[in-house]
1. Among the listed residues LYS170, LYS232, which satisfies the condition of being closer than 28 Å to LEU114 by Cβ and basic (Lys, Arg)?
2. Output yes when any residue across region 128-140 is small (Gly, Ala, Ser), buried (at least 22 other Cβ atoms within 10 Å of the Cβ) and either more than 13 Å from GLU93 (Cβ to Cβ) or in contact (Cβ under 8 Å) with a residue 24 or more places away in the chain (or both), and no when none is.
3. Could you tell me whether region 89-97 includes any residue that is farther than 20 Å from ALA119 by Cβ and surrounded by fewer than 21 Cβ atoms within 10 Å (Cβ to Cβ)?
4. Filter region 135-155 down to the residues that are under 17 Å from VAL213 (Cβ atoms) and outside any strand (DSSP E or B), then identify the one that is modelled with the lowest pLDDT.
5. Out of region 104-134, which residues are over 26 Å from TYR6 (Cα atoms) and part of a strand (DSSP E or B)?
6. When you go through ASP207, ASP177, ASP229 one by one, which is the residue that is of a type in the set (Asp, Glu), at pLDDT below 95, part of a loop (DSSP other than H, G, I, E, B) and under 23 Å from TYR17 (Cα atoms)?
7. When you look at GLY143, is it farther than 19 Å from ALA38 by Cβ, within 14 Å of the chain's Cα centre (by Cα) and buried (at least 21 other Cβ atoms within 10 Å of the Cβ), yes or no?
8. Could you go through region 77-87 and let me know if any residue there is part of a strand (DSSP E or B) and either in contact with a strand residue (DSSP E or B) (Cβ under 6 Å, 6 or more places away or on another chain) or surrounded by fewer than 16 Cβ atoms within 10 Å (Cβ to Cβ) (or both).
Amino acid sequence: MLEKKYTEKTFTLEILYHVGVYENSIHFIFDHTSKTCAIIDPAWEADLFIQRVNDKGYQLTDIWLTHWHGDHINAVDEIVEKTGAKITAGINEIPYLQIKNKMHTVNDGDTMRLGKTNAKVINTPGHTAGGICYLLDGHLIAGDTLFVYGAGHCSLPGANSVALYHSMQKLKQVDDDIMLHCGHDYGSKIETTMNEQKHGNAWLVIDTQEVFVKFVDDMAQGLIAYPTDALKLKEIQAML
């Protein structure tokens, strides 16, 4: 299991990579002042996550979800039952979430607060109907909306390629120096900035809805290969 750690003014972001059957990336936000922790999209290893937080002298108080897919939520109820953590998800994702414990909702532009650490909610539907990203100081946690030189598919209930196009236009507004953190390690590298992605991620490089939808649909049909490295617009157009 690969690990990375980023220490900022109010929080430390720790990431566990390649967890579980689908090799998820699990994100922990440790607020320095309150000694509380939020875990994002916990799946597969509830006891491991709880122990990790406790061993650092923190309390796991919050579960923040990016989307409803089972490989991102299958440890949620167990963690809640063992810690009493509060669950938060995007308001438009609630109809799809198969979680038995109470969930709190957020919408586009809302601010999540963990001690003195703030995270802005960005609604990014497309991969799912109500997917969201969390923008913190220096970091964007994107779930499966955006990968390194890739993005989540649009093949399960609630997905929509047109909605995903508009979500990508929103993510283009995120500052260049923000680091991108994804729900899976599917690209050619782990550490990347939004600037790198804006210039090489096909889902961000494509600048018209018509081409974007064709690109996504052709990929879903197996007509073009899923990229794992940077592409220029001319290279993308040659694939279509």
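The values are calculated or read from the model by the stated rules, or taken from the named source; none is laboratory data. The structure displayed is predicted, hence computed values, not measured ones. Using ideal geometry, Cβ is built from the backbone for each residue, glycine included, and neighbour counts are taken over all protein chains shown.
1. On the way: LYS232 fails: closer than 28 Å to LEU114 by Cβ.
One residue alone meets the criteria, LYS170.
2. Step one: list which residues in region 128-140 are small (Gly, Ala, Ser), which gives 129-131, 138.
Now restrict to residues that are buried (at least 22 other Cβ atoms within 10 Å of the Cβ): 130-131.
Those still in the list that are either more than 13 Å from GLU93 (Cβ to Cβ) or in contact (Cβ under 8 Å) with a residue 24 or more places away in the chain (or both) too: 130-131.
Yes: one or more hits.
3. Residues of region 89-97 farther than 20 Å from ALA119 by Cβ: 95-96.
Then drop every residue that is not surrounded by fewer than 21 Cβ atoms within 10 Å (Cβ to Cβ), which leaves 95-96.
Scanning region 89-97, I find at least one residue that is farther than 20 Å from ALA119 by Cβ and surrounded by fewer than 21 Cβ atoms within 10 Å (Cβ to Cβ), so the answer is yes.
4. SER155
5. Taking region 104-134 as the starting set, the residues that turn out to be over 26 Å from TYR6 (Cα atoms) are 104-105, 107, 125-130.
If the condition is that a residue be over 26 Å from TYR6 (Cα atoms) and part of a strand (DSSP E or B), then HIS104, THR105 are the ones that fit.
6. Working: ASP207 fails: under 23 Å from TYR17 (Cα atoms); ASP177 fails: at pLDDT below 95.
After applying the criteria, what remains is ASP229.
7. Numbers: farther than 19 Å from ALA38 by Cβ: no; within 14 Å of the chain's Cα centre (by Cα): yes; buried (at least 21 other Cβ atoms within 10 Å of the Cβ): yes.
In short, no.
8. So the first thing to find is which residues in region 77-87 are part of a strand (DSSP E or B), and the list is 86-87.
Now narrow it down to the ones that are either in contact with a strand residue (DSSP E or B) (Cβ under 6 Å, 6 or more places away or on another chain) or surrounded by fewer than 16 Cβ atoms within 10 Å (Cβ to Cβ) (or both): 86-87.
Yes, region 77-87 contains a residue that is part of a strand (DSSP E or B) and either in contact with a strand residue (DSSP E or B) (Cβ under 6 Å, 6 or more places away or on another chain) or surrounded by fewer than 16 Cβ atoms within 10 Å (Cβ to Cβ) (or both).
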